[in-house]
Amino acid sequence: MTISNVSSLDDDSRIIVALDFPEAKIAEEFVSKLDPKLCKLKVGKELFTRAGPSFVEVLVSKGFDVFLDLKFHDIPNTVASACSVAADLGVWMMNVHASGGRGMMEAAREALDKKGQDGRPLLIAVTILTSIDQSDLSEIGFSGTPEDNVRRLGLLAKSAGLDGVVCSAMETEMLRKECGREFVLVTPGIRLAGSDKGDQKRVMTPVNAIRAGSHYLVIGRPVTQAGDPRKILININNELNRLI
Ligand code: C5P
């Protein structure tokens with residue numbers, strides 16, 4: 001896979017809209033306003049727990065690339081089996097916690113490889129959650145700064161054969177240097193210029209995040225709570241296309 005930070009991905013939008021809705025019906029109504037050329041979709045623990053795998057299959061059948069954000073973390077056999085079943089849903093990307101260790105990540109990767117290279121979903125890792133700060137890290141027994149740990153776990157994920165990591169836009173430059181241009185960086189905490197930050201602390205605009213090295217941007221409320229989400233997506237895609 002070749003992805004550069006400011007090159008065209010043809011019709012492949014860099015935007016992943018986070019479907020953080022409590023009910024399938026609300027999510028479905030929202031998705032009916034979108035189309036797969038405008039964005040990919042992320043299904044996380046809330047919607048998945050409510051609506052289940054059949055809802056993911058509905059999104060896939062509508063032609064959307066779906067990122068299944070369940071952040072698996074368990075013994076290698078359990079995570080590998082979960083990844084294998086998730087791949088059967090036809091998702092485009094899924095994730096695991098890098099802190100599950102090399103054996104867990106390699107087992108997950110091998111389970112997906114058995115699905116065949118062509119249709120294999122991307123497998124990325126969560127390094128250190130952006131909600132974790134220095135004192136949380138020390139309390140759970142991790143030494144070093146959050147950035148040290150992101151670097152270490154990013155390199156571990158890469159050497160275990162994963163395709164990339166979820167990271168803050170503040171970490172993309174360092175991860176690009178350490179893990180190379182092909183390592184996929186997926187970045188939440190995106191806010192449009194002048195929009196409300198909400199509970200996100202360290203935010204970046206779409207253009208600045210792509211310039212800083214993100215491949216894909218996870219955007220939730222700035223799109224899901226917009227009066228005209230389609231218009232917002234068209235505007236962001238146009239802004240990003242102008243970077244080429
Ligand atoms: O609404 P907002 O744009 O803040 O949504 C961001 C999405 O990205 C949410 O689904 C959130 O769970 C997810 N996320 C995040 N920070 C991380 C990892 C995931 O905000 N470090």
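Within the range 40-55, the set of residues being touching a residue at least 24 places away in the same chain (Cβ under 8 Å) and in a helix (DSSP H, G or I) comprises Lys45, Glu46, Leu47, Arg50, Ala51, Pro53, Phe55. In the range 186-206, the residues that are closer than 11 Å to Ala169 by Cβ form Cβ pairs under 6 Å with partners that are aromatic (Phe, Trp, Tyr) and in a strand (DSSP E or B), at six or more places apart or across chains, as follows: Val186/Tyr216. Checking each residue in the range 27-54 for being buried (at least 21 other Cβ atoms within 10 Å of the Cβ) and within 12 Å of the ligand (Cβ to nearest atom) picks out Leu41, Lys42, Val43, Leu47.
Across the range 98-151, what is the number of residues that are outside any loop (DSSP other than H, G, I, E, B), hydroxyl-bearing (Ser, Thr, Tyr) and away from the ligand (no atom under 16 Å from the Cβ)? Going through the range 98-151 one residue at a time, the tally reaches 2. Considering only the range 55-84, state which residues are touching a Cys at 6+ places or on another chain (Cβ under 9 Å) and either closer than 16 Å to Ser99 by Cα or within 14 Å of the ligand (Cβ to nearest atom) (or both). Matches in the range 55-84: Phe72 only. In the range 86-143, of all residues being among the basic types (Lys, Arg) and more than 15 Å from His73 (Cα to Cα), the one that is modelled with the highest pLDDT corresponds to Lys114. Among the residues examined, Leu175 does not qualify as in a loop (DSSP other than H, G, I, E, B) and at pLDDT 95 or above.
The values are calculated or read from the model by the stated rules, or taken from the named source; none is laboratory data. None of these values were measured; they are calculated from a predicted model. Don't worry about glycine lacking a Cβ; one is built from the backbone with ideal geometry, like all the others, and counts go over all protein chains shown.
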